[in-house]
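Every number in this text was worked out from the coordinates using simple rules, so none of it is lab data. What you are looking at is a predicted structure, and each value in this text was computed from that prediction instead of being measured. As a convention, Cβ positions derive from the backbone with ideal geometry for all residues, glycine included, and neighbour counts pool all protein chains shown.
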Amino acid sequence: MKPPHPQQRSATVVDVAKRAGVSAMTVSRVINGNGKVRAETRLAVNAAIAELNYTPNVAARALVTSREVRIGVIYSNPSAAFMHDFLIGVFEEASVMGAQLTLLGGQDGRPPPPEAIHRLIGSGVGGIIIAPPLGESRVVRDPIHLAQLPMAVVGGYARDAICVRIDDRAAAYDMTKHLIGLGHRRIGFIIGNPGQSASEDRLAGFDAAVHEAGGIETILVQGDFSYTSGLLAGEQLLDIDHPPTAIFASNDDMAAAVVSVAHRRHLSVPEDLTVVGFDDTTAAVTLWPPLTTIRQPVRELAAEALRLLTQEISTSRKVRHPKCLLGHQLIERQSTAAIAG
């Protein structure tokens, strides 16, 4: 089964910066005509803008400039690498829009206290971005909805909000097919945070590929997207009498933890054990061997959420909440190998 094609989206300042090989702040200077920018740099940025057909949201930017709109960002993710990329994406797009950001953090994937959420709502923010895994938390969303503030949910589903995500099911399906294609017939899978749609979708994609192939033995272990849960899950999977030849962790932090467990047991990755992750955060490339993983465009997801949110804030009439699906990519590195023989 071929995964659905991702919906088209408008280019963001992050896309332009990547294409031109400069920072988002430099793109902002070129667009706004502020600051000193070398001629060749200006040409590269303008070429990237033309190639990507990038159009700055003039209405939203004018609103931000004239009213000094502030955007709240609520986050609480156990993966420091994920949050690093997410916040960079938000800050870079905000620098172009001229928006001010107010951050409110929780701990270890749990929402901030209700009184803190109410203070943020009452502080004069024009809208709120909710980072995963909080996008589906009613504790977070309900007071924002009651206050009739626009909100954007990243990596989750919500009827009352802008939603920006990837097709987690299709991405996990692709990775599982890759492992099966390498000859693995006994595969461990570490499930993400319970009750989170991304976790459910990634497990569904894994199951779909396994059932389609037939003859695959699977061992499921619960995690919560944290490195610590990956250590515990790795120990469980490698303690059984016939351990898996490949382990697919639902994010890079848990996959990195599995690699650590394997090294402590004097197992070679990937010769003795193949390990793959999900997200393609910095955690995927700061260990040896670097991880084969699914690239989720975290910075672009965050930037697109801010762009759509400012667009909604700039529209006085009630708008239909957009659902934006970005693409994913399987990145093959040195943590995978085919079964010998």
Labelled set (i) 44; (ii) 48; (iii) 53; percent of Cα pairs over 27 Å apart computed from this model equals the value at (ii)
Which of 339, 162, 216 has the fewest other C-beta atoms within 10 Å, and how do the rest follow up to the most? 339, 216, 162
Sparse-neighbour loop sites [GluC sites (Glu not before Pro); the range 260-310; at most 14 other C-beta within 10 Å; DSSP]: 271
Applying 1/(1 + (r/R0)^6) with R0 = 51 Å to the Cβ-Cβ distance of residue 157 and residue 39, what FRET efficiency is obtained, to the nearest 0.05? 0.65
Take the chain, connect every pair of alpha-carbon atoms lying under 10 Å apart with a spring to form a Gaussian network, then pick out the residue of 127, 214, 230 with the largest mean-square fluctuation. 214
Assuming 0.36 nm per residue, please report the length gained on full extension of the stretch residue 211 to residue 186 beyond their Cα-Cα distance. 7.7 nm
Express as a percent, rounded to the nearest 5, the fraction of DSSP beta bridges in the chain (both residues included) that run antiparallel. 10
Measure nothing but the geometry: give the 0 to 90° angle between the long axis through the Cα atoms of 58-67 and the longest principal axis through the Cα atoms of the chain, rounded to 10°. 70
Ranked by GNM mean-square fluctuation in the chain (Cα springs under 10 Å), the top entry among 185, 165, 42 is 42
Can you pull out the trypsin sites (Lys or Arg not before Pro) in the range 255-341 that DSSP calls coil and that have at most 12 other Cβ atoms within 10 Å? 317, 318, 320
Name the long-range amide H neighbours of residue 333: under 5 Å, sequence gap of 5 or more, or other chain; modelled H, no Pro or chain starts. 292, 293
So how strong a dipole does the chain carry about its Cα centre when Lys and Arg Cβ are +1 and Asp and Glu Cβ are -1, to the nearest 20 debye? 1400
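Quote to one decimal, in nm, the extra length available between residue 271 and residue 102 on full extension: 0.36 nm per residue of separation minus the C-alpha distance between them.
56.2 nm
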Computed label-point distance, nm, for sites residue 330 and residue 46 using a 7 Å Cα→Cβ extension: 4.3
Show me the trypsin sites (Lys or Arg not before Pro) within the range 129-162 that DSSP assigns to loop and that have at most 13 other Cβ atoms within 10 Å of their Cβ. 159
